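Below you'll find the structure I mean.
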Amino acid sequence: MSIREHIADWSKGDAMAGLWRLYRLRERAGNPLLRDVWTLLFNRSARRHGGYIGPGAAILGEPILPHGLHGIYISRYAVVGARCRIYQNVTIGEVEGKAPVIGEGCLIGAGAVLVGDIRIGADVKIGAGAVVHQDVPDGCTVVAQPPRIWKRGEGHG
């Protein structure tokens, strides 16, 4: 990839590698002052990419963000598992200082809202626009309002 292509990706907000490098540096910083500097740089970068990731959020691995960080809000208390695919305008929010714990390999559709002290199992699919405020077992799909949970292999009628 040419320098011009790198600059174009970065200017559009598609180059997320630098953002995740800052995130990992912030997480490994032992010195509180250094951690604050990395947090400042990380927050500025996240804002430039159009999203927010709270300073205490635990992101295991690098999430797949097909549309970049645009409109994504992740609470400082949230835990996001490895290999999660998160689309634009997703909110992973907190209620009374408690936020969702999301398992590995989940897909969270555009505009979905996950709030409160809930656990989302591994390989769960959450449809666009769904509002989830209760636990979801592994391998399920959540759609519509109010959310309906379908286990794989069950009828959808």
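From the list I64, I59, exactly one residue is closer than 19 Å to L19 by Cα, touching a helix residue (DSSP H, G or I) at 6+ places or on another chain (Cβ under 7 Å) and modelled with pLDDT under 95. Which is it?
On the way: I64 fails: touching a helix residue (DSSP H, G or I) at 6+ places or on another chain (Cβ under 7 Å).
Going through I64, I59 in turn, just one is closer than 19 Å to L19 by Cα, touching a helix residue (DSSP H, G or I) at 6+ places or on another chain (Cβ under 7 Å) and modelled with pLDDT under 95: I59.
Residue by residue, here is whether (1) open to solvent by less than 60 Å² (accessible area, probe 1.4 Å); (2) touching a Ser or Thr at 6+ places or on another chain (Cβ under 7 Å); (3) not in a loop (DSSP other than H, G, I, E, B) holds:
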{"residue": "R76", "(1), (2), (3)": "no, no, no"}
{"residue": "R83", "(1), (2), (3)": "no, no, no"}
{"residue": "I92", "(1), (2), (3)": "yes, yes, yes"}
{"residue": "G105", "(1), (2), (3)": "yes, no, no"}
{"residue": "A128", "(1), (2), (3)": "no, no, no"}
{"residue": "G139", "(1), (2), (3)": "yes, no, no"}
{"residue": "V142", "(1), (2), (3)": "yes, no, yes"}
{"residue": "G153", "(1), (2), (3)": "no, no, no"}
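Under the condition of being within 11 Å of L69 (Cβ to Cβ) and charged (D, E, K, R), which residue from region 12-55 is modelled with the highest pLDDT?
Among residues in region 12-55 that are within 11 Å of L69 (Cβ to Cβ) and charged (D, E, K, R), the one modelled with the highest pLDDT is R47.
In this structure, is G81 in contact with a Lys or Arg (Cβ under 7 Å, 6 or more places away or on another chain) and either within 17 Å of G109 (Cβ to Cβ) or of a type in the set (G, A, S) (or both)? Outline the logic, then answer.
Numbers: in contact with a Lys or Arg (Cβ under 7 Å, 6 or more places away or on another chain): no; either within 17 Å of G109 (Cβ to Cβ) or of a type in the set (G, A, S) (or both): yes.
No.
Next question. How many residues, within region 23-44, are more than 22 Å from N89 (Cβ to Cβ) and either open to solvent by less than 30 Å² (accessible area, probe 1.4 Å) or part of a loop (DSSP other than H, G, I, E, B) (or both)? Please lay out each step first, then the result.
Residues of region 23-44 that are more than 22 Å from N89 (Cβ to Cβ), as a first pass: 24-41.
After this cut, where a residue has to be either open to solvent by less than 30 Å² (accessible area, probe 1.4 Å) or part of a loop (DSSP other than H, G, I, E, B) (or both) as well, the list is 26, 29-31, 39.
Number of matching residues: 5.
Another question about this same structure. Report yes if some residue within region 45-62 is crowded, with 17+ Cβ neighbours inside 10 Å and in a helix (DSSP H, G or I); otherwise report no.
Yes, some residue in region 45-62 is crowded, with 17+ Cβ neighbours inside 10 Å and in a helix (DSSP H, G or I).
If you don't mind, another one. Here are some conditions: (1) touching a strand residue (DSSP E or B) at 6+ places or on another chain (Cβ under 7 Å); (2) open to solvent by 20 Å² or more (accessible area, probe 1.4 Å); (3) not acidic (D, E). I72 meets all but one. Which one does it not meet?
With (1) touching a strand residue (DSSP E or B) at 6+ places or on another chain (Cβ under 7 Å); (2) open to solvent by 20 Å² or more (accessible area, probe 1.4 Å); (3) not acidic (D, E) applied to I72, the lone miss is (2).
Starting from region 49-67, keep only residues that are over 13 Å from E27 (Cβ atoms) and β-branched (V, I, T), then list their pairs with residues that are in a loop (DSSP other than H, G, I, E, B) and open to solvent by 50 Å² or more (accessible area, probe 1.4 Å) whose Cβ atoms are within a distance under 9 Å, requiring at least 6 positions of separation or different chains.
Within 9 Å, the pairs are I64/R83.
Here is a further query. Within region 97-118, take every residue that is at pLDDT 95 or above and more than 14 Å from the chain's Cα centre (by Cα) and give me the one that is farthest from V143 (Cα to Cα).
Taking the candidates together, the pick is K98.
The values are calculated or read from the model by the stated rules, or taken from the named source; none is laboratory data. All values reported here derive from a predicted model rather than from experimental measurement. We place every Cβ from the backbone using ideal geometry, glycine too, and count neighbours over all the protein chains shown. All accessible areas refer to the heavy atoms of the entire protein, side chains included, with ligands and DNA or RNA removed. Shrake-Rupley method; radii C 1.70, N 1.55, O 1.52, S 1.80 Å.
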